[in-house]
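Below you'll find the structure, written out as structure tokens, and then a few comments.
The values are calculated or read from the model by the stated rules, or taken from the named source; none is laboratory data. The structure displayed is predicted, hence computed values, not measured ones. In this analysis, Cβ positions are derived from the backbone assuming ideal geometry, glycine residues included, and neighbour counts consider all displayed protein chains. SASA here: full protein model, heavy atoms, side chains in, ligands and nucleic acids out. Shrake-Rupley method; radii C 1.70, N 1.55, O 1.52, S 1.80 Å.
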Amino acid sequence: VTVLAYGVAGWLFLVGLAGIVRSRNLIGVVICVSVVQSSTYVLLLAIGYRSGAKAPILADIKGGTPVVDPVVQALTLTDVVVEATVAAVLLALAVQAHKRFGTLDPDAMGELRG
Amino acid sequence: VNVLAPLVVAVPLLTAALIAAVGRFVGGRLADVLALAATLACAGLLVAVLARLHGRIEPVWLGGWHPRDGVAIGVSFTLDPLGVGLALFIAALMVLTLIYGSGSLDPEPPHVHVLALVFLAGMVGFCLSGDLFNMFVFFELMSVSAFALTGIDIDEGAALEGSLNFAVTNTIGSFLAVIGIALVYARTGALNIAQAGHVLDHGPVDGLVVVALAFLVCGFLVKAAIVPFHLWLADAYAVAPAAICIVLAGAMSELGVLGVVRVVFGVFGGPVAEHADAVRAVFVVAGLVTAVLGAVMAYAQDHLKRMLAFVTIAHVGLFLTGVAMLSVAGIGAIAVYVVADGCGKAALFACVGIVQRRLGHVRMSALRGRGRELRFTGAAFTLAALIAAGLPLTGAFLGKALLDDALTHGVGAWAVVVAIGATALLGATLLRAAGCVFLGWRSSAPEGDYDPLTEPQPTTPIRMWAPTAILLAAAIAAGIVPGVRHAAHVAATQATAHTATEHVALGNAASPTTHGALTAPPTHDWLLSLLTAALAIGLAAFMLGREGLPRLTALRAIHSGRLGDYVAVLCAGAAIFGGAFALALQ
């Protein structure tokens, strides 16, 4: 399972980057950024995974039962919050860009050169 | 110290929340005052923290979660003179930014103040953090507020475009960093820098360690804008309001360099020390390529702020060569250089802001000779240009001379020759701009009619010229105030003390005190520096004697302003750095 999870993380990372490079639409760019970030969620969770272990809610299980690493889960949650902030700012910029340029194609803006 | 350190981050954040909550009811003036008061309080707290640190390292365990048996279980600030000093510098720059910007940045509703305070909290927290994941969180906090501050003039198309390029490339940089952090955690089970470093010291240097190092370093180098990760910076700084550029150019890029310092001396101190020569080669080449490319691209610019953006890139390249020396001398040199040069660059942006207000334009070709009446601004710009060229008796001279010595000892005189060439070209480029705009000497375009982009204002208010003068005074003072070399030595010694920091940060030992100072630059540095300044003036005269700017078609094509291209180059750069580290740590 774990090898597959690392593979998924790597795939999401690369496919998201490829999407950002190829995208002709700012909303698409924002979604691809989220895809890249998803790879970090999968990576973090895979790092903390233990085969056959329980969810780390220690109140509900007997002492001594193996649990998956709660630290990476906390990190993932923080990462999700960060991602939400970044996506909000990017989407706000995309809305303004559409108002200003009348298009969402990042290559059609081109006021900055050289 | 223990009590005050968390307040340094909390005060700006809470004030930002307060302004966001009540700002629309109380008006922009009060928001100005509140934001300035919070920033001054943050700076004051940092002075107190620094004074009580006595040049030592001190961990602050938040929430009282102290290490047990030398194992970190909580989250800490690890205070060291370098981090606290840089944080203080940032807070001071933010004070000047707020003064400079009050009135020119739209205060109603006071979004700028909220963003500026969050930006400050993120940067300061990043400097103090002793925990990798918290570094990432503070990094994101400052990045997101910087994206918004850059694009704050939403009526400007270029501002939106620059902000978008900035946001997407830097967000990818943060992902690189967070992947590196995850891999470090996978290997060491620790997020505390000292704890992770301690485990890595005793473990094997295998593929995982190399990949983690490459991801973390690349993540921070995106923020530092090292070639080939630099493309976003020219766009972002060219469009950000001048007031924001003071703190962006003066401090934000340098935080990427601080991140690299934390990575190569803290987390990976053990593995890097084993392969010091090879790692040094990677960083020196990256730094010098950045310095030269930045200088050449600055030379090719007509847009003054974009020119200064490339100057910033070139200087960060020089700072990276200082880190590359992996020595007390190298870090000490850039500690001085960052402060002096940061003040000088901030003053340049401040001057351009004044030019923009008075003349309504920022293109050299449109401004030629129109700045003749701006005598103070012209003098200030010229002085700042000479500081950028490393004029003797300024802080930039001291920093540059110390860096040259460190480079000579670390890799050899050829690196110094390249660095001097880049510095002279930068100085010449800036002097050419001064000659063209403020004296009407020949360059780029004929003197003719021009349409101001914005309505020219008849006066320069004191809130704009006073911060400019203070910045210039600080840039000079950093070179002549006694004790600078001692302070830099202490900061560098503690920042590079890998094993000692681990023991102190994990509560196993008291922090050692350090003595001594970096040796004063020898006579030949004075001669070299005068030579650089003379070379800069000569080159400037040569440039002013020619019509037009160099074409550099291929180089300009790389800086295309296209987001997709930037991300593709970023990925290629990360792959190159990854390969280089794999070879270096073999």
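Exactly one of (1) open to solvent by less than 30 Å² (accessible area, probe 1.4 Å); (2) within 12 Å of chain B (Cβ to nearest Cβ); (3) more than 14 Å from the chain's Cα centre (by Cα) is unmet by residue A:18. Its number?
Result: residue A:18 fails condition (1) only.
Please list, ordered by first then second residue, the pairs with beta carbon atoms under 6 Å, 6 or more apart or interchain, first in the range B:145-161 and within 7 Å of chain A (Cβ to nearest Cβ) and closer than 16 Å to residue B:120 by Cβ, second in a helix (DSSP H, G or I) and open to solvent by less than 10 Å² (accessible area, probe 1.4 Å).
From residues that are within 7 Å of chain A (Cβ to nearest Cβ) and closer than 16 Å to residue B:120 by Cβ, the pairs are B:147/B:163; B:147/B:166; B:147/B:167.
So which residues in the range B:37-67 are of a type in the set (Lys, Arg) and either without any contact (Cβ under 8 Å) to a residue 60 or more places away in the chain or farther than 16 Å from residue B:505 by Cβ (or both)?
Within the range B:37-67, just B:52 meets the criteria.
Residues of the range A:21-31 being in a helix (DSSP H, G or I) and more than 10 Å from chain B (Cβ to nearest Cβ), which ones? If you could, list the steps in order and put the result at the bottom.
Going residue by residue through the range A:21-31, those that are in a helix (DSSP H, G or I) are A:21-22, A:26-31.
Passing the criteria: A:27, A:28, A:31.
Check the range B:317-332 and report whether any residue there is at positive phi, open to solvent by 20 Å² or more (accessible area, probe 1.4 Å) and more than 14 Å from every other protein chain (Cβ to nearest Cβ).
Yes, some residue in the range B:317-332 is at positive phi, open to solvent by 20 Å² or more (accessible area, probe 1.4 Å) and more than 14 Å from every other protein chain (Cβ to nearest Cβ).
Could you tell me how many of the residues in the range A:32-58 are away from every other protein chain (no Cβ under 12 Å) and either surrounded by 13 or more Cβ atoms within 10 Å (Cβ to Cβ) or without any contact (Cβ under 8 Å) to a residue 24 or more places away in the chain (or both)? If you could, list the steps in order and put the result at the bottom.
Initial filter on the range A:32-58 (away from every other protein chain (no Cβ under 12 Å)): A:50-58.
Cutting the leftovers down to either surrounded by 13 or more Cβ atoms within 10 Å (Cβ to Cβ) or without any contact (Cβ under 8 Å) to a residue 24 or more places away in the chain (or both) gives us A:50, A:52-58.
Residues that pass the stated criteria total 8.
Conditions: (1) part of a helix (DSSP H, G or I); (2) more than 17 Å from the chain's Cα centre (by Cα); (3) closer than 26 Å to residue B:360 by Cα. Residue B:109 meets all but one. Number of the miss?
Of the numbered conditions (1) part of a helix (DSSP H, G or I); (2) more than 17 Å from the chain's Cα centre (by Cα); (3) closer than 26 Å to residue B:360 by Cα, the odd one out for residue B:109 is (1).
Having 1 or more residues that are under 14 Å from residue B:465 (Cβ atoms) is the bar; report the helices (runs of 4 or more DSSP H) wholly within the range B:306-399 that clear it.
In the range B:306-399, B:328-359, B:375-388 are the helices (runs of 4 or more DSSP H) which contain 1 or more residues that are under 14 Å from residue B:465 (Cβ atoms).
Find the residue count for the range B:457-467, including only residues that are open to solvent by less than 50 Å² (accessible area, probe 1.4 Å) and within 21 Å of residue B:361 (Cβ to Cβ).
Selection size over the range B:457-467: 3.
If residue B:1 satisfies all but one of (1) modelled with pLDDT of 90 or more; (2) in contact with a helix residue (DSSP H, G or I) (Cβ under 8 Å, 6 or more places away or on another chain); (3) among the hydrophobic types (A, V, I, L, M, F, W, C), what's the number of the condition it fails?
(1)
Have a look at A:68, A:72, A:86, A:81 and point out the one that is open to solvent by 80 Å² or more (accessible area, probe 1.4 Å), within 23 Å of the chain's Cα centre (by Cα) and at pLDDT 85 or above. Explain how you work it out, then say what you get.
Details: A:68 fails: open to solvent by 80 Å² or more (accessible area, probe 1.4 Å); A:72 fails: open to solvent by 80 Å² or more (accessible area, probe 1.4 Å); A:86 fails: open to solvent by 80 Å² or more (accessible area, probe 1.4 Å).
That would be A:81, the only listed residue that is open to solvent by 80 Å² or more (accessible area, probe 1.4 Å), within 23 Å of the chain's Cα centre (by Cα) and at pLDDT 85 or above.
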